[in-house]
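Here is the structure we will look at.
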Amino acid sequence: QPSCTAKVLANTTDLRIGAIGCGYWGPNLIRNFVEIPGAQIIVVSDLQVEPMNRMMQRFPQIERSTRDYRDMFEMDLDAVVIATPPATHYNIARDCLEHGLHVLVEKPITLNSEDAIDLIRVAEANDRILMVGHTFEYNPAVRALKQMIVNGELGDIYYIDAIRASLGLFQTKANVVWDLAPHDISILRYLLDADPISVNTHGSSCVQEGIEDVAYTTLTFPNNVLAHIRSSWLDPSKQRRITVVGSKKMVIYDDVEPLEKVKIYDKGVKAIRHTDTFGEFSFAYHYGDVVIPYIRFEEPLRVQSQHFLDCVREGRQPQTDGHNGLRVVQVVEAAQESLHNGGQTVIVSTNGHKATTTHAVEELVHA
């Protein structure tokens, strides 16, 4: 999505926002846009009357509610935020873009790359901003972790392990890969500033036949960086943890921790030849301090919401724009293809993906 040329709005003008979807995640978005200065939630929409009424009671400054989001097209809005089931994202977002509204849509942007590409084209044709809710890219702890990688504090990155698990929420129309993995794929792309070369996924349908509720996804990034994601709706405890292992230091980011979300471990190991006999090595282990840096907390959703408003107001491109959303969908598509083919390795490409051999993947990794 190239640099947006949308009309820059005066900073003194409150942006008029419509919220589509008042279910699980919608109230969080609505709360943020109600509380941020310079924005007004004018109208909320949901097919169910009860959640809309709850929002109207909680936030009396909201002027209207409607079961048909298309009523918003006559309300002189600037933008909409969409938090509806993923299968509806494409049609609703496309409709809003074609009616001249800037769009923030929750992840995943769509359920296939063709629809995501079309949304990008429609946004460009209508000179509108299209942004995806990859909220963790706006998390101060994740941003601090990225800065450590960029600064070389961790050394060369060896591998990253991600866990996103809890008991529920079970879905009936999408598996755990589509529901949970986009979060960690987005984080991995952000941390490494790269797209994965290949992916393979194994999973199991434990509770609902045909809908995987646990999945193990392995991604290979450039420079032979390995990443692993465990996604599960069927786990005894809530876990949101990422471990980054580098040649100098190791870091654990634990989003469940209320305060100490990032811990830096000054630990490492080196192989050292200690005799003249070929092939004999010893290992030097390094054990240092554990450092818990101070990270000023800001609600990631608030940071994301403010960023969207700034982009609309100033006519600049979002960090998590349509292309960002497309790349994540392409990786999930490859993971889904691998899952349905018994864990076969699948190449990830910006022009699509195809199954390939392990040998071919290794050649690409080291190219």
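Does the stretch 127-150 hold any residues that are surrounded by fewer than 18 Cβ atoms within 10 Å (Cβ to Cβ) and part of a loop (DSSP other than H, G, I, E, B), and which are they?
127
Can you pull out the residues in the stretch 150-179 that are small (Gly, Ala, Ser) and out of contact with any Gly (no Cβ under 8 Å at 6 or more places or on another chain)?
Residues satisfying the conditions are 152, 162, 165, 166, 168, 174.
Give the residues of the stretch 252-262 that are in a strand (DSSP E or B) and either closer than 27 Å to residue 202 by Cβ or in contact with a Lys or Arg (Cβ under 8 Å, 6 or more places away or on another chain) (or both), sorted by residue number.
Result: 252, 253, 254.
Can you list residue pairs whose Cβ atoms sit under 7 Å apart, with the first residue in the stretch 269-297 being at pLDDT 65 or above and the second being polar (S, T, N, Q)? Count only pairs 6 or more apart in sequence or on different chains.
From residues that are at pLDDT 65 or above, the pairs are 272/282.
In the stretch 12-69, what residues are part of a strand (DSSP E or B) and touching a residue at least 40 places away in the same chain (Cβ under 8 Å)?
15, 16, 17, 18, 19, 20, 39
Being part of a helix (DSSP H, G or I) and in contact with a Phe, Trp or Tyr (Cβ under 9 Å, 6 or more places away or on another chain), is that true of even one residue in the stretch 96-111?
Yes, that holds for at least one residue.
Going through the stretch 208-222 one residue at a time, which ones are modelled with pLDDT of 95 or more and either loosely packed, with under 15 Cβ neighbours inside 10 Å or among the aromatic types (Phe, Trp, Tyr) (or both)?
Result: 216, 221.
Within the stretch 121-137, work out how many residues are touching a helix residue (DSSP H, G or I) at 6+ places or on another chain (Cβ under 8 Å) and touching a residue at least 40 places away in the same chain (Cβ under 8 Å).
Adding up the residues that qualify gives 11.
Given the options 144, 162, name the one that is among the small types (Gly, Ala, Ser), at pLDDT 95 or above and in contact with a helix residue (DSSP H, G or I) (Cβ under 6 Å, 6 or more places away or on another chain).
162
Report the residue count in the stretch 60-75 for those that are of a type in the set (Val, Ile, Thr) and either more than 23 Å from residue 98 (Cβ to Cβ) or surrounded by fewer than 12 Cβ atoms within 10 Å (Cβ to Cβ) (or both).
Result for the stretch 60-75: 1.
Go through (1) outside any strand (DSSP E or B); (2) open to solvent by less than 20 Å² (accessible area, probe 1.4 Å); (3) closer than 24 Å to residue 300 by Cα and name the single condition residue 183 misses.
(2)
Tell me, please, whether a residue that is acidic (Asp, Glu), over 24 Å from residue 215 (Cβ atoms) and either open to solvent by less than 60 Å² (accessible area, probe 1.4 Å) or without any contact (Cβ under 8 Å) to a residue 12 or more places away in the chain (or both) can be found in the stretch 76-91.
Yes; the residues of the stretch 76-91 include at least one that is acidic (Asp, Glu), over 24 Å from residue 215 (Cβ atoms) and either open to solvent by less than 60 Å² (accessible area, probe 1.4 Å) or without any contact (Cβ under 8 Å) to a residue 12 or more places away in the chain (or both).
Looking at 154, 169, 191, which is the one that is under 30 Å from residue 268 (Cβ atoms) and either open to solvent by 60 Å² or more (accessible area, probe 1.4 Å) or outside any helix (DSSP H, G or I) (or both)?
The unique qualifying residue is 154.
Among the strands (runs of 3 or more DSSP E) confined wholly to the stretch 197-251, which include 2 or more residues that are among the aromatic types (Phe, Trp, Tyr)?
214-221
Among the residues of the stretch 251-264, write down those that are surrounded by fewer than 19 Cβ atoms within 10 Å (Cβ to Cβ) and under 16 Å from residue 147 (Cα atoms).
Of everything in the stretch 251-264, just one residue is surrounded by fewer than 19 Cβ atoms within 10 Å (Cβ to Cβ) and under 16 Å from residue 147 (Cα atoms), namely 263.
The values are calculated or read from the model by the stated rules, or taken from the named source; none is laboratory data. All figures in this text were calculated on a predicted structure; none of them were measured in a lab. Using ideal geometry, Cβ is built from the backbone for each residue, glycine included, and neighbour counts are taken over all protein chains shown. The protein model used for the area step is the full one, side chains on, heavy atoms only, and it has no ligands, DNA or RNA in it. Shrake-Rupley method; radii C 1.70, N 1.55, O 1.52, S 1.80 Å.
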